[in-house]
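The values are calculated or read from the model by the stated rules, or taken from the named source; none is laboratory data. This one's a predicted model, so the numbers in the text were calculated from it and none came from an experiment. Quick reminder, even Gly has a Cβ in these numbers, built from the backbone with ideal geometry, and neighbours come from all protein chains shown.
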Amino acid sequence: MSRSPSPRRTLLTLMIAAAVVLALPAIASAESYVLTAGKWGSKQDAAVAAAGGTVVWSHGKTGIAVVTSDAPGFAAAAQASGAFQSATQDVQVQWQPDAAGREQAITPGDEARFPIQWHLQAVEAPAAWAEGCTGAGARVAINDGGIYDIHPDIEPNLDKACSVSFVPGQPYNFDTGTFWHGTHVAGIVASADNGFGMLGVAPEATLIGVKVLHNGSGTFGQVIGGILYAADPAAFGLPQCAPADIINMSLGALFQKSAPGGGQLVGAVAKAVNYAASKGVLVVSAAANNGLDLGQLFDVTAVPCESGSGLCVSATGPVGFAQGATNFRRPASYSNFGEGTITVAGPGGDFVLPGSAVCTVAGVTQFCWVFDMVFSPCRGPLSSPPGFFGCWAAGTSMATPAVSGVAALIKGANPGISLGALKAKLQQTADDEGANGHDEFYGHGFVNAFRACTE
């Protein structure tokens, strides 16, 4: 999740549409439902049809499906059939706050904006690259909003043929505004080493765009479908697509477990995350930006941060980078935390530097506080031709892809590594920050790319 500064510190940034690979039908006026069963097969298909529903997608091994119906009492009729464990009306959720940042046009040069990408220094990515650790061979699914697939820093690493959308009527390479949250997140993971613009933590990893949100919102069914697709594209009719090694989920929301239908929907997300794990796929999720102790919420759970066996990421950020500060691992002002919840921390940026002083770094002039956020590719103005646009943004949304990038470095350097070993290496090579040992903010520590590649 990205964090919005105060209105005084907000400048939103734009959009385009193109092709879609996985076409899903528009839902129209029908209601959407998430159905679960032990497994999904012909019995479930028949029960859905008998109750007056239409299957949008189903996943046989997990028994999860999204179904639409305009029939009154559909959920009760489906449940009464005995073919399902649960039949719950889907819910539209704002998983990401309005994205905010500062836009900066990029001109050709040799990675001209690397000096303002402090987050790469924070995780010691350049030292990892010097060891030949670049993420080559690792596949990272960006389960998010639209990815601007002709951005010069994104396109070289994007697997367009296997990028899909679970948002009905919207292609994977479309969103709203000038920012495009998914593009910014993708760039943090794997902006290409192409001699201009920006760099990602894992500049030779492969990106897969999986659109599950539009303008920051989406349904449980879309989020669940995106996880299952990234782990098992063959189940969705794309056997030619290799699964992701890592799924980045820079999204999250808080839900009351005891709310009607809440347990079933939250449980379905956990089931999808655990299925991905069973396929050897690492799911990395944002802790979100409420400034809350997630370990003390009891009846409230953070999804997908606390879903299944995935990892949960908190955010750090400097105050005064443009003025010489190097406190990159300082806890960000907005980040959620919580004992037993946070796995590791990553660089997400902040915007709390007081005043409106102006600074210039590497030829870029902005308010000094802007430089404390994370700089990465964004869509840029629709009126402009494809260009090297970048934006600043802050949030656990930005910390999460930095962690996914470090995981991609590990996977690229160790192609046959198991999921358990990947998790262990990511955690064991993190630097112990904050209280000694595992703590409520940093979890196992702040991720370190160099150590992850050399230890």
Find all pairs meeting these conditions: Cβ atoms under 7 angstrom apart; at least six residues apart or on different chains; first residue within the range 393-406 and within 20 Å of Arg379 (Cα to Cα); second residue among the basic types (Lys, Arg). Ala394/Arg3; Gly395/Arg3
Output the residues belonging to the range 245-272 that are buried (at least 24 other Cβ atoms within 10 Å of the Cβ) and within 20 Å of Thr396 (Cβ to Cβ). Ile246, Ile247, Asn248, Met249, Ser250, Leu251, Gly252, Val269
Lone qualifier among Ala315, Ala270, Ala277 - being within 21 Å of Gln427 (Cα to Cα) and touching an Asp or Glu at 6+ places or on another chain (Cβ under 9 Å): Ala315
Looking only at residues in the range 199-215 that are crowded, with 24+ Cβ neighbours inside 10 Å and not in a strand (DSSP E or B), which one is farthest from the chain's Cα centre (by Cα)? Pro203
Residues that are under 27 Å from Thr176 (Cα atoms) and among the aromatic types (Phe, Trp, Tyr): list the strands (runs of 3 or more DSSP E) wholly contained in the range 291-394 that include at least 1 such residues. 364-367, 374-377, 388-393
Six or more apart or on different chains, Cβ under 7 Å: which pairs go from a residue in the range 228-251 that's in the same structural domain as Val212 (by TED's automatic domain parsing) to one that's modelled with pLDDT of 95 or more and of a type in the set (Asp, Glu)? Could you list them? Pro243/Asp232; Ser250/Asp144; Leu251/Asp144
Single unsatisfied condition, Asn327 versus (1) modelled with pLDDT of 95 or more; (2) at negative phi; (3) touching a strand residue (DSSP E or B) at 6+ places or on another chain (Cβ under 7 Å): (3)
Residue list for the range 367-421, filter: among the polar types (S, T, N, Q) and touching a strand residue (DSSP E or B) at 6+ places or on another chain (Cβ under 7 Å): Ser376, Thr396, Ser397, Thr400, Ser404
Among all residue pairs at least 6 apart or on different chains, which show Cβ distances below 6 Å where the first residue, located in the range 87-112, is within 21 Å of Ala253 (Cβ to Cβ) and the second is hydroxyl-bearing (Ser, Thr, Tyr) and at pLDDT below 85? Pro97/Ser4; Asp98/Ser4; Ala99/Ser2; Ala100/Ser4; Ala100/Thr10
Taking Leu251 and the conditions (1) in a helix (DSSP H, G or I); (2) within 25 Å of Gln170 (Cβ to Cβ), which numbered condition does it fall short on, given that it satisfies the others? (1)
